[in-house]
Each structure stands twice: as C-alpha cells, then as structure tokens.
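Beneath this line is the structure, given in structure tokens, with notes to follow.
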Amino acid sequence: MGKELIKLMNVYVSFRIGGLFTKVLVNVLRNINLIIYDGETLGLVGESGCGKTTLGKVIAGLIKPTSGKILYKGKDISAMTKDEFLTFRREVQYLHQDPFSSLNPVQTVYTILSRPLIKHKIVDPSNVEEEVMELLRMVGLTPPSDFMYRYPHQLSGGQRQRVALARIMSVRPKVLIADEPVSMIDVSQRIGILRLLLDLRKETNMTIIYITHDLATLRYISREGRVAVMYLGGMVELTDVERLLTRPLHPYTQILLSALLEPDPNITRNKKVNLRSMDIPSIVNLPPGCKFHTRCPYAINGICDVKEPDLVEVETNHYVACHLVKGDLK
Ligand SMILES: Nc1ncnc2c1ncn2[C@@H]1O[C@H](COP(=O)(O)OP(=O)(O)OP(=O)(O)O)[C@@H](O)[C@H]1O
Ligand code: SF4
Ligand SMILES: [Mg+2]
C-alpha cells in the first residue's frame with residue numbers, strides 16, 4: 001500500500017432535520033476511522049441512506065464533521081490556512097452522481113473547462129484552448145471541435161459525465177471521489193464511463209474513492225482495491241475487494257452480497273443468510289448496541305442489543321465490527 005494520504009479520526013456528522021419546532025439531531029456518520037492510501041481505489045458500499053455520499057463529501061471537505069478530525073497529508077484540514085485549504089480542495093475532487101445538475105447550463109463546454117485552467121493557472125493563457133482540446137480527447141470526446149462550443153443540454157448523460165470528469169482532470173487532482181458516477185446514465189453508456197475511470201486510474205495513479213451499490217463495477221475498476229461496507233452511518237467491514245467477495249465476515253455484508261450479486265461461482269461463495277426483519281431502523285431513532293441487531297439473524301440478546309461492537313482487525317487487513325467475529329480466525 002502507498003503512503004497515508006487521508007486519515008479520518010473519530011469522525012461524526014449530525015444534521016438537524018424536521019420542522020421549525022420539531023427539529024431533531026440525527027447522527028448520519030458515527031465514529032468513522034479510516035486511512036486512505038496514496039494511489040489506492042477504495043469502494044464505499046451500503047444501502048441507500050447509510051451515509052456514503054455524506055462520507056464522500058466529508059472527505060472532499062464539502063461537509064464539515066460535527067466532531068473528529070480529517071488529516072490530509074498529515075495536516076488537520078480544519079487547521080489549514082486559506083491557501084492550504086484551497087490546494088486541498090483542488091487536489092481532492094468530487095464527481096457528482098447527477099451529470100444533469102453538475103454542469104452550469106448557461107456555459108459552453110469550452111467555458112466550463114477553461115475556467116479552472118485560468119483560475120488555478122494550470123497552463124499559460126496562450127495554451128488554454130489546446131489544453132481544453134487535450135482534456136476532451138482524454139475523456140473520449142473527439143474530435144474536440146465537435147464538443148467545445150456545445151451547451152450541457154446538447155450532450156447526452158454519458159457525455160456530460162465525461163465533461164464533468166474533464167473539468168476535474170483539468171486541475172490535476174490527486175484524489176477523485178466518484179459518487180455513483182454511472183447510476184444516472186443510460187445503461188448503454190455506463191461501460192464507457194467505467195472504462196474511462198479505469199484508464200484514468202492506470203494513467204494517473206490517482207487515488208479513487210468509488211461510491212456504489214454495485215460491487216461488480218468496483219471490481220471492474222480495481223481488483224486490487226479495498227472496500228468499506230457501511231450500515232446506518234457506521235463502518236461494519238473493511239477489507240480487499242476480492243476478500244470481501246469471497247470471505248465476507250460481517251452478517252450484514254453477507255446479506256448485502258447475496259442481494260447484490262447474481263450467483264457467480266467465480267466471485268462469491270457467501271452463504272445464504274436471511275434477515276430477521278426487512279425494516280431498516282430510522283436514523284432518527286437508532287437502536288442501542290449494534291445498529292444491525294434488529295435485523296441480524298445471529299443477534300445475541302443481552303450483548304448485541306446493549307454494546308456497539310468496535311471495528312477491529314480480525315485478520316491482516318480485514319476489519320469487522322461484530323461481537324461474533326473474533327480475532328482468532330487465521
Ligand atoms: N443535508 C442533510 N440534512 C439532513 N439529513 C441529511 C442531509 N444529507 C443527508 N441526510 C440524511 O443522511 C442520511 C445519509 O444520507 P446519504 O446521502 O449520505 O446516504 P447515501 O448512502 O449516499 O444514500 P444513497 O445510496 O441513497 O445515495 C440519510 O438518512 C439522509 O436522509
Ligand atoms: S454484533 Fe451481534 S447483531 Fe451485530 S452483526 Fe454481530 S452478531 Fe449481528
Ligand atoms: Mg448517495
């Protein structure tokens with residue numbers, strides 16, 4: 001693994017929700033501890049509402065943690081000078097899920113791509129046009145002259161996502177946080193975007209944080225990557241992609257995999273486990289103890305409903321938060 005690039009320490013995020021007089025505080029992320037290594041691909045998976053987007057935005061500096069620390073290259077981002085924070089924001093880029101709302105509808109592709117080049121003084125002003133063309137070639141929008149003066153509404157969803165990626169690549173990021181980048185794109189264009197992400201990862205050695213419901217696409221982008229499984233704002237399992245697919249240890253991961261993956265003898269041998277209840281607890285009223293105990297088929301009364309398990313390394317590079325999974329599995 002590369003050097004430590006980003007470190008999250010005891011990160012919590014709470015939001016106030018509800019009406020004027022009925023506001024309640026909900027914990028959307030709870031005690032996230034995570035190291036992201038330079039050049040790695042890290043997937044974030046979990047059911048809708050478990051906090052993947054919030055975590056991605058926290059890592060990108062778009063949402064401030066309610067408590068806890070985020071270090072970038074060893075420096076606490078909340079203690080950075082204005083210039084240091086701007087550099088961090090430039091180096092850690094967030095690709096939105098929705099290519100229809102992420103581009104300014106009144107700007108041409110040329111304006112969208114030239115602005116960051118000029119603002120961050122990436123190239124000499126006389127070379128901006130050539131650089132815009134190079135960026136369009138990089139993301140497969142060729143010939144560039146066909147796309148430079150189009151507006152976002154004159155592009156397909158896949159082409160917009162390519163422009164969004166070109167804008168991100170224009171500032172030479174070190175980290176790309178891709179939040180379900182193909183989920184809102186026509187099925188026929190998805191593989192093209194995934195191939196582009198794969199090529200960019202190989203060519204630039206960028207660190208990629210890939211948020212998805214679909215482990216097969218994560219595996220496509222990086223077989224060597226790691227994956228973190230989230231449940232109701234907490235991290236329940238963290239390990240290599242291949243190991244997670246062949247040897248998931250947390251009951252929730254086992255159930256998630258059997259729901260997400262078609263039976264495929266090459267990639268999963270997870271046993272069939274059924275949920276005790278289909279109802280996901282409300283984030284407004286989280287259960288005590290292990291947050292999964294209301295649905296877990298193995299829950300032990302008096303333990304799982306009382307104490308929340310810590311995320312512990314149960315075998316080398318395999319972290320699990322479950323009272324049943326002990327550290328003597330080797
Ligand atoms: N700004 C906000 N204010 C209040 N609650 C929020 C806010 N943003 C997110 N939430 C809540 O936080 C929880 C986590 O949301 P988040 O978008 O991070 O989930 P997710 O895992 O990305 O879901 P999905 O797979 O549907 O994209 C949800 O219950 C959501 O309703
Ligand atoms: S701690 Fe208990 S309830 Fe939670 S996943 Fe493990 S066995 Fe299930
Ligand atoms: Mg999301």
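The values are calculated or read from the model by the stated rules, or taken from the named source; none is laboratory data. Please read these numbers as outputs of a predicted model, since none were measured by experiment. Methodologically, a virtual Cβ is constructed for each residue, glycine included, from the backbone with ideal geometry; neighbour enumeration extends over all protein chains shown. What goes into the accessible areas is simple: the full protein's heavy atoms, side chains included, and nothing from ligands, DNA or RNA. Shrake-Rupley method; radii C 1.70, N 1.55, O 1.52, S 1.80 Å.
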Exercise for review: Please find, within segment 273-285, the residue that is farthest from V24 (Cα to Cα) out of those that are assigned to a loop (DSSP other than H, G, I, E, B) and open to solvent by 40 Å² or more (accessible area, probe 1.4 Å).
Suggested key: N274
**Study point:** Residue check for I177: under 29 Å from D38 (Cβ atoms) and touching a helix residue (DSSP H, G or I) at 6+ places or on another chain (Cβ under 8 Å)
**Key:** yes
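Report, by residue number, each residue of segment 85-98 that is away from ligand 1 (no atom under 15 Å from the Cβ) and over 16 Å from I63 (Cβ atoms). First the steps, then the outcome.
First, the residues of segment 85-98 that are away from ligand 1 (no atom under 15 Å from the Cβ): 85-93.
Answer for segment 85-98, where residues must be away from ligand 1 (no atom under 15 Å from the Cβ) and over 16 Å from I63 (Cβ atoms): L86, T87, R90, E91.
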Practice item. Answer yes if at least one residue in segment 81-89 is surrounded by fewer than 16 Cβ atoms within 10 Å (Cβ to Cβ), at pLDDT below 95 and not in a helix (DSSP H, G or I), and no otherwise. Key: no
Exercise for review: Report, by residue number, each residue of segment 146-161 that is more than 15 Å from Q97 (Cβ to Cβ) and either within 16 Å of ligand 3 (Cβ to nearest atom) or in a helix (DSSP H, G or I) (or both).
Suggested key: D146, P152, H153, Q154, Q159
Review point. With respect to L155, is the statement that it is more than 16 Å from ligand 1 (Cβ to nearest atom) and surrounded by 17 or more Cβ atoms within 10 Å (Cβ to Cβ) true?
Key: yes
Revision key, fill the gap. Expected output for segment 50-65 (first residue more than 17 Å from S183 (Cβ to Cβ) and within 9 Å of ligand 1 (Cβ to nearest atom), partner of a type in the set (S, T, Y) and outside any loop (DSSP other than H, G, I, E, B), Cβ below 8 Å, 6+ apart or cross-chain) is I63/T54
Review point. Is there a residue in segment 109-125 that is touching a helix residue (DSSP H, G or I) at 6+ places or on another chain (Cβ under 8 Å), of a type in the set (V, I, T), surrounded by 16 or more Cβ atoms within 10 Å (Cβ to Cβ) and assigned to a helix (DSSP H, G or I)?
Key: yes
Review point. Which is of a type in the set (D, E, K, R) and over 28 Å from the mean Cα position of the chain (by Cα), of D310, D305?
Key: D305
Exercise for review: Please indicate, with yes or no, whether at least one residue in segment 94-107 is within 20 Å of the chain's Cα centre (by Cα), open to solvent by 20 Å² or more (accessible area, probe 1.4 Å), within 30 Å of L29 (Cα to Cα) and at pLDDT 95 or above.
Suggested key: yes
Point to revise | Flag for D214 being under 15 Å from G46 (Cβ atoms), at pLDDT below 85 and away from ligand 2 (no atom under 16 Å from the Cβ) | key: yes
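Against the condition over 18 Å from A178 (Cα atoms) and more than 16 Å from ligand 2 (Cβ to nearest atom), how does N27 come out, does it pass?
yes
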Study note, to complete from the structure: Of the residues in segment 176-210 that are open to solvent by 20 Å² or more (accessible area, probe 1.4 Å) and charged (D, E, K, R), the one that is farthest from R89 (Cα to Cα) is D186
Revision key, fill the gap. Those residues of segment 20-49 which are of a type outside the set (S, T, Y) and free of Cβ contacts under 8 Å to residues at least 24 places away in the same chain amount to L20, F21, K23, L25
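Across segment 211-224, which residue is surrounded by the fewest Cβ atoms within 10 Å (Cβ to Cβ) among those that are among the hydroxyl-bearing types (S, T, Y) and without any contact (Cβ under 8 Å) to a residue 60 or more places away in the chain?
The extreme case among them is Y220.
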**Study point:** Filter result (touching a strand residue (DSSP E or B) at 6+ places or on another chain (Cβ under 7 Å) and part of a helix (DSSP H, G or I)) within segment 178-216
**Key:** L197, R201, L215
**Study point:** Members of segment 217-258 found to be within 16 Å of ligand 2 (Cβ to nearest atom) and part of a helix (DSSP H, G or I), listed by number
**Key:** L244, P251, Y252, T253, Q254, I255, L256, L257, S258
